[in-house]
Amino acid sequence: MTAQDGREAEGFVFLAAYIASIPVANWLIGNVGTVCVPQGPCLIPVAPGLMAPSGVLMVGLALVLRDLVQRRLGIGFGLGAIVAGTALSGMLAPLPLVVASTTAFLLSELADFAVYTPLQKRGLVLAVLLSGIAGLIADSLIFLWLAFGSLDFLAGQIVGKLWTVLLALPVIAWLRRRDQRLGLA
């Protein structure tokens, strides 16, 4: 197996993880949390005094994984992953939240794409960080407004997603160093 073959195989692993993050996020929201609201989401603490639906962890991870899909497999796969993820999000969202979920997913992933694409050659870690921030803010604003007509949980949504993006950055830095060492950067 050549280094390029390994790079492509890794890309398909990232793609599978990206697609898997969508049903996992939906499952977490209804099943895992320190508090589960009847007929509502399960919540987790994301900072002192700040709660968010537990799915925010997977949404932050999805933004990072999409960047890695694009890095390994190219722009076409990155955009294809967004389309597939949007469709999957629409199929898995509770009926009253389908429009909010699919719209927020599509627009936040496109925001991530728009920031990541021009920045990736100048600095992978910075590109992942800034694109993740753009995507998580877009996702939080759009979803909360469309789903509930309120931004009451905006801070918790943003902080929860940001934690996942920040926790992924050391792995992104390691991948970048490894790629450079193998001549794949």
**Complete:** When (1) modelled with pLDDT under 95; (2) over 16 Å from the mean Cα position of the chain (by Cα); (3) assigned to a helix (DSSP H, G or I) are applied to P118, the one that fails is (1)
**Request:** Starting from region 68-94, take each residue that is within 20 Å of D179 (Cβ to Cβ) and list its partners that are of a type in the set (D, E) and in a helix (DSSP H, G or I), counting only C-beta distances under 6 angstrom and pairs at least six apart or across chains.
**Result:** R72/E10
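Looking at the structure I just gave you, is P41 within 24 Å of F148 (Cα to Cα) and without any contact (Cβ under 8 Å) to a residue 12 or more places away in the chain? Spell out the reasoning first.
Values: within 24 Å of F148 (Cα to Cα): yes; without any contact (Cβ under 8 Å) to a residue 12 or more places away in the chain: no.
Answer is no for this residue.
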**Asked** How many residues, within region 75-88, are within 19 Å of A114 (Cβ to Cβ) and surrounded by 14 or more Cβ atoms within 10 Å (Cβ to Cβ)?
**Response** 9
**Request:** Using the structure shown, decide if G135 is closer than 30 Å to R178 by Cβ and free of Cβ contacts under 8 Å to residues at least 40 places away in the same chain.
**Result:** no
**Fill in**
Within region 123-149, the count of residues that are part of a helix (DSSP H, G or I), surrounded by fewer than 17 Cβ atoms within 10 Å (Cβ to Cβ) and at pLDDT below 95 comes to 3
**Prompt:** Within region 150-175, restricting attention to residues that are surrounded by 17 or more Cβ atoms within 10 Å (Cβ to Cβ) and not hydrophobic (A, V, I, L, M, F, W, C), which residue is farthest from the chain's Cα centre (by Cα)?
**Reply:** G156
**Item:** Identity of the residue in region 1-31, buried (at least 17 other Cβ atoms within 10 Å of the Cβ) and in contact with a Cys (Cβ under 9 Å, 6 or more places away or on another chain), that ends up nearest to R177 (Cα to Cα)
**Value:** L28
**Message:** As an exercise: evaluate N26 against (1) polar (S, T, N, Q); (2) without any contact (Cβ under 8 Å) to a residue 60 or more places away in the chain; (3) in contact with a Gly (Cβ under 8 Å, 6 or more places away or on another chain) and give the number of the one condition it does not meet.
**Reply:** (2)
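The values are calculated or read from the model by the stated rules, or taken from the named source; none is laboratory data. Note that this is a predicted model, so its numbers are computed, not measured. Positions of Cβ are generated from backbone atoms using ideal geometry, with glycine treated the same way; all protein chains shown enter the neighbour counts.
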